[in-house]
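What follows is one structure encoded as structure tokens, with my remarks underneath.
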Amino acid sequence: MFGEILQRFLPKCIPGKMQPSRLKYYPKTNMKTFAPSILDLRRLSSFLFVGCLFGLPLKAAEPGEILPPEVAPKAVRTIAGSPPSDAIILFDGLDLSEWRGPNLGEAKWEVKNDVATVNGTGSIISKKEFADCQLHVEWATPKVVKGDGQDRGNSGIYIQNRYEVQILDSWNNETYHHGSAGSIYKQYAPLANASRPPGEGQTYDIFFHAPRFDPDGRLAKPATITVIHNGVLVQDNVEIKGTTVNSGAPKYTAHPLKMPILLQDHGNPVQFRNIWVRPL
Ligand code: MG
């Protein structure tokens, strides 16, 4: 008796082709041959929906298909022109309270009209320290052009206080290619010159993975970096060769996983605004 009930109802929950005889179970429907298949698919989807409600794991639809992770991605709110909701704000135009000046003193760059301007008081360094991170920086070289080559609109973002993404006025300004805007200083030239004219706002979006060192101080994994300059990919996941230096070969010196970010005072009044970080 129970077996008959099972035979009568269970096959309706199984796709049509698995039924021994479709017509046997749909004698009064007067539907065409494909109609039971549609009904079966509806029942199957209902079964899966109810299964999900009661916490049954969703199986792969195709052999070998990768199942979705159980943990949902973190929700991050984004508003056009604003930092993501989970970003750490390092400068929003108000003050340089997230930064220190030379010798751990006060950061003394001029802050006016939402902009911080390099003024010869020395490089500034973030109070917070970071390892792997996404970094957004907006900057502009001086509108009034002075100097040539490395002496025109020079600054830089020293990630972990030692790996420089160069800032330079590279608009009609000749210099060595691995020292221009978007370069990893004296290691990698940018893939393209995406520079805007002097005085115009520019952006860097940087994706950095910190180097790892063995307990004995030997390099276990070099740092890698991707840089997007004004929306253009200029560094594509390159391996940093060590501390960026002006002369000689770069080399690594062991340091903690987390280190601060330094903004360079190279003697040119470069401007900054909207600086934020997302630790990765
Ligand atoms: Mg520089």
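Every number here is computed from the coordinates shown, using simple stated rules; none is lab data. Everything quoted here is computed from the prediction, not taken from an experiment. Cβ placement follows ideal geometry from the backbone for every residue including glycine, while neighbour counts extend to all protein chains displayed.
Structure notes:
- Applying a DSSP loop filter and a limit of 13 other Cβ atoms within 10 Å to the GluC sites (Glu not before Pro) in segment 56-109 leaves E65, E70.
- For segment 155-280, size of Cβ-based charge dipole, Lys and Arg +1, Asp and Glu -1, in debye: 380
- 5 angstrom amide H check on L96, placed H, neighbours 5+ away: none
- Members of K221/K258; K128/K186; K112/K143; K146/K241; K74/K128 lying beyond 20 Å, as alpha-carbon distances in this model show: K128/K186; K146/K241; K74/K128
- Derived value for segment 152-280: Kirkwood hydrodynamic radius 15.1 Å. Basis is the mean of 1/r over every pair of different alpha-carbon atoms.
- For segment 162-260, trypsin sites (Lys or Arg not before Pro) meeting the loop criterion (DSSP other than H, G, I, E, B) and having at most 11 other Cβ atoms within 10 Å: R218, K251.
- Each Cα pair under 8 Å and six or more residues apart adds its separation to the average, and for segment 95-191 the resulting relative contact order is 15 percent.
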